[in-house]
Structures are given as C-alpha cells and as structure tokens.
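**Student:** One structure is given below, represented as structure tokens, and several questions about it will come after.
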Amino acid sequence: MLDNVKKQKEEIYREIGLKISSQRKRKRKKYKSISKTLNISIEYLNLIEEGKINELPQHIPVMGFVRSYARFVEADILPELNKIDLVAQDKVPNKKNIINEIKYLKEFIYFLLCFVLIVIVLFFLN
C-alpha cells in the first residue's frame, strides 16, 4: 500500500514540475533570476521542475518552496496539491485495523481489571 501511495505522489510531483516548467518557459524566466528573487538554489529549482521533490533535503520547507516557485511563475498547482492530500488520507488505518486495535485494548482493560481485583482481594486477606 505504501508503495502505491509513493508512486502516486511521485506522479503528482512530476505533474507539478511539468506545470511549473512550462509556465516558467512561457514567461521566459531564467533560473538565475528566480533563484535570486525566491532565495532558492538553482539545484532545488531544477529538482522541482523535474518532479524529484522527494530528493530535496528534508531540512528545508519543501512544499513551501514548491508553492513559492509556482506562485512566482503563476502556475496553478492547486489541483495537484489537493490530489496529494487525498493520497495522503489513504494512510489512515482502515476499519479492520481499528477493530483489531479496539479488540486488543478491551483485552488489556479486562486483564488490568482482573489484576487490580486480585491485588485488592490479596490485600484484604492479609
């Protein structure tokens, strides 16, 4: 399941990169001027356009860079960002997992209650 989510996100990142790239070319903007204006390295701008957003360092605000770049070249990436949110929601545990977790929680509570009752009975017997 996680591989499927990862593949879907990578495809969406490629769509975002393609939109940004085509819009930048349409506006005839150069990497150097964009880099200076947004304070984002040319290497990062290239990775965004290539759809290799996962390869950007994790210590930077990746999606903030992507949004800033898209806004600067006036590329509408909102539909793709919404797709990413929908794909991310698939990570939510399904009903079967939730039911199993509740089952184990109930068993733990029953065990705890029995343990407490035994301790109370032993306390009063002494």
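**Student:** For residues in the stretch 1-13 being surrounded by 13 or more Cβ atoms within 10 Å (Cβ to Cβ) and not charged (D, E, K, R), which is nearest to residue 65 (Cα to Cα)?
**Tutor:** 13
**Student:** Considering each of 85, 76 in turn, give the residue that is surrounded by fewer than 10 Cβ atoms within 10 Å (Cβ to Cβ), within 21 Å of the chain's Cα centre (by Cα) and of a type in the set (D, E, K, R).
**Tutor:** On the way: 76 fails: surrounded by fewer than 10 Cβ atoms within 10 Å (Cβ to Cβ).
Only one candidate passes the filter, namely 85.
**Student:** For residue 118, indicate whether it is in a helix (DSSP H, G or I), out of contact with any Leu (no Cβ under 9 Å at 6 or more places or on another chain), over 23 Å from residue 10 (Cα atoms) and β-branched (Val, Ile, Thr).
**Tutor:** yes
**Student:** Anything in the stretch 14-30 that is under 21 Å from residue 84 (Cα atoms), surrounded by 14 or more Cβ atoms within 10 Å (Cβ to Cβ) and without any contact (Cβ under 8 Å) to a residue 60 or more places away in the chain? List them, or say none.
**Tutor:** Residues satisfying the conditions are 14, 17, 18, 20, 21, 23.
**Student:** Mind checking which residues of the stretch 31-56 are in contact (Cβ under 8 Å) with a residue 24 or more places away in the chain and exposed (fewer than 13 other Cβ atoms within 10 Å of the Cβ)?
**Tutor:** Listed by number, the residues that qualify are 37, 54.
Every number here is computed from the coordinates shown, using simple stated rules; none is lab data. Note that the structure is a prediction, hence the values are computed from the model and not measured. Cβ coordinates were reconstructed from backbone atoms using ideal geometry, including for glycine residues, and neighbour counts include every protein chain displayed.
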